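Structure first, then comments.
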Amino acid sequence: MQKIPLSLAQPGMKLAKPITKANGMPIIASGVELTESLIGKLDGMGVDKIFIVGAAVAASQNPSERVTRLDRLFRRLDDPYMTRVKRHLREYFTIKAAADEAGAGKE
């Protein structure tokens with residue numbers, strides 16, 4: 001079992017513990033497989049962390065995977081400063097992914 005931020009949740013992961021309201025009433029049972037739609041609904045309800053079965057999230061992600069997740073992570077932010085942060089992160093992860101690929105080609 002692993003506790004992860006909802007932003008790292010992926011379709012296909014299974015809940016290890018139920019999602020409950022503040023009063024303890026269950027909303028979603030344990031064992032339910034996550035879908036993109038369900039992740040969006042949990043985000044809309046303000047759920048920020050979930051427990052998933054196994055250790056499905058590695059300590060570090062591939063830089064190219066991070067680039068593709070930026071749009072999802074920044075989707076609700078219309079602030080010009082956050083747009084700049086997103087752009088800088090995208091540039092960094094793109095360069096990092098290219099450097100990793102170049103390094104892998106030398107082996």
Practice task
Note the count of lysine pairs whose C-alpha atoms are less than 30 angstrom apart in the chain, limited to pairs 8 or more residues apart or on different chains.
Solution key: 20
Problem - Computed over the chain, the ratio Rg/Rh where both radii use C-alpha atoms and Rh is Kirkwood - result: 1.06
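Starting from the Cα gyration tensor of the stretch 2-52, multiply each eigenvalue by 5, take the square root, and state the resulting semi-axes largest first in whole Å. Provide the component values of the computation, followed by the final result.
Numbers: eigenvalues 45, 29, 21 Å².
Taking √(5λ) for each eigenvalue gives 15, 12, 10 Å, largest first.
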Fill in the blank from the handout: With the charge dipole of the chain built from beta-carbon charges (+1 for Lys and Arg, -1 for Asp and Glu) about the Cα centre, the Cα from Leu15, His88, Ile27 projecting farthest to the positive end belongs to Ile27
Problem - Computed [θ] at 222 nm, helices only, for the chain once each DSSP H run of length n ≥ 4 contributes -39500 (n - 2.57) - result: -14000 deg cm²/dmol
Handout entry: Dipole moment magnitude, nearest 20 debye, the stretch 63-105 about Cα centre, only Lys, Arg, Asp, Glu C-beta charged
Key = 200 debye
Fill in the blank from the handout: Phi angles of the stretch 20-35, converted by Karplus (6.51 cos²θ - 1.76 cosθ + 1.60, θ = phi - 60°) into ³J(HN,Hα) in whole Hz with x for Gly and Pro, give 10, 6, 4, 7, x, 6, x, 9, 9, 6, 5, x, 6, 7, 6, 10
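Taking a ≥ b ≥ c as the square roots of the eigenvalues of the Cα gyration tensor of the stretch 63-105, is the shape rounded (a/c under 1.5), prolate (a/b larger than b/c) or oblate?
Numbers: a/c = 6.60, a/b = 2.39, b/c = 2.76.
Cα axes put the stretch 63-105 in the oblate bin.
Arrange the peptides 44-51, 20-27 so that the one whose residues have, on average, the most other Cβ atoms within 10 Å appears first. It would help to have the intermediate numbers written out before the result.
On the way: 44-51: 13.1, 20-27: 8.8.
Going by the mean number of other Cβ atoms within 10 Å, highest first, we get 44-51, 20-27.
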Completion exercise
Measuring from its Cα centre, the chain shows a charge dipole (+1 at each Lys and Arg Cβ, -1 at each Asp and Glu Cβ) which, in debye to the nearest 20, is 280 debye
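Val85 to Lys3: FRET efficiency via 1/(1 + (r/R0)^6), r the Cβ-Cβ distance, R0 25 Å, to the nearest 0.05? Intermediate results must be reported in sequence, preceding the final value.
Details: r = 26 Å, r/R0 = 1.03.
That gives a FRET efficiency of 0.45.
Any read-out appearing in this document is the output of simple, stated calculations on the displayed coordinates, not a laboratory observation. Not measured: the values here are computed from a predicted model. Cβ atoms come from the backbone with ideal geometry, glycine included; neighbour counts cover every protein chain shown.
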